[in-house]
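S.K.: The structure is given below, and queries will be raised subsequently.
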Amino acid sequence: MENLHADILSKLLSHIPRESVLSCKLVCKTWNTLLLGRKLEVGILLCVASREERNLQLHYGYYDEIITLTDDDHESFTYKTVERIKHPVINKREREVIDIMVGSCNGLVCFLVPHHRVVDPVYICNPISGEYINLPRIDSKKGLIVSGFGYNRSVDRYKVIRIHYPNRFGYGWPRSPGQVQIYTLVGGDSGWRNLGDIKYSLAFNGTLLNGSLYWLDWNDQKIVSFDLADEEFRLLPTAPPCFICVKHAYYRLAVLDCWVGICALFTISGR
């Protein structure tokens, strides 16, 4: 095929199944160059768990296919109608599976791995190509870990952040300093680096936007950012007025277009 005209070769490569594009890019520089211009569909990664199974299973669906379902199709749509991904075992927490996925960026996904009494952001994979890496686990067997995963274009690096609160057992209590570690994904095992302690009581996994991660400071009702380039924490000057202490309120950060917003959920308990 190396003697084929570029236009003919490009036409042939356009018919490669979308799940094989990443593998075909590795064949040679010519294939990689031609396939770089191919527009891939936007996908939705589903993390499926059941009470009966110990492990999590990933499924992949394409956005355009899912949103074109008719009203009649909605009744028959389940996770079984999307493609199941072959991947190494991903263990879920013993009691819940909330936030098992730390974050995703450019096709890479970071997962929490439960061990002892902590959940550690040490499993990163490309669900489509099947590539994965396991990072070194934390030595501690107790406490709370708050995590983040993202990419910064200015330094061209993927980074994993874990903030370990050794004497903290919930998002709101007790107040204690956190120990910050960072792992940079480069061509070789660079290991975790210590960045010192922080005083913020951060909650949940970090939300990525424009090269920075954002967390809620649960105790002080503030938003804290972490720049992946200079690796510095910063307290945002103000927080939305909706972020206040309200009984049965549940807050999360989310990216809406190019903005970080707070989602407030309220639980109602009946007598």
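S.K.: Can you give me the C-alpha center-to-center distance between the range 209-231 and the range 93-163, rounded to a whole angstrom?
M.R.: Here the two parts' Cα centres lie 17 Å apart.
S.K.: Hey, another quick one. With r as the distance between the Cβ atoms of ASP220 and ASN32 and R0 = 41 Å, compute the FRET efficiency 1/(1 + (r/R0)^6) and round to 0.05.
M.R.: 0.25
S.K.: Further question on the same structure: For a quick protection proxy, order the peptides 142-155, 48-61 by their average other-Cβ count within 10 Å, most packed first.
M.R.: Ranked from most to least packed, the peptides come out as 142-155, 48-61.
S.K.: So, one more: Once you sort the root eigenvalues of the Cα gyration tensor of the range 137-217 as a ≥ b ≥ c, which label holds: rounded (a/c under 1.5), prolate (a/b larger than b/c) or oblate (the other case)?
M.R.: In terms of gyration-tensor shape, oblate.
S.K.: Now for a different question. Roughly how many nanometres apart are two label points built 7 Å out from the Cα toward the Cβ at LYS199 and PHE169?
M.R.: It works out to 2.6 nm between the two label points.
S.K.: Turning to a different aspect of this structure: Report the calculated FRET efficiency for CYS24 and TYR132 (r = Cβ-Cβ distance, R0 = 22 Å), to the nearest 0.05.
M.R.: The computed FRET efficiency comes out at 0.65.
S.K.: Treat each spin label as a single point 7 Å out from the Cα along the C-beta direction, and report the VAL89 to TRP192 distance in nm.
M.R.: My value for the distance between the label points is 2.2 nm.
S.K.: Suppose R0 equals 25 Å. What FRET efficiency, 1/(1 + (r/R0)^6) with r the Cβ-Cβ distance, do ALA49 and ASP139 give to the nearest 0.05?
M.R.: 0.35
Only the coordinates and a few stated rules stand behind these numbers; no lab work does. Predicted model, so just to flag it, every value in this text is computed and none were measured. So basically every Cβ, Gly included, is an ideal-geometry build from the backbone, and we count neighbours across all protein chains shown.
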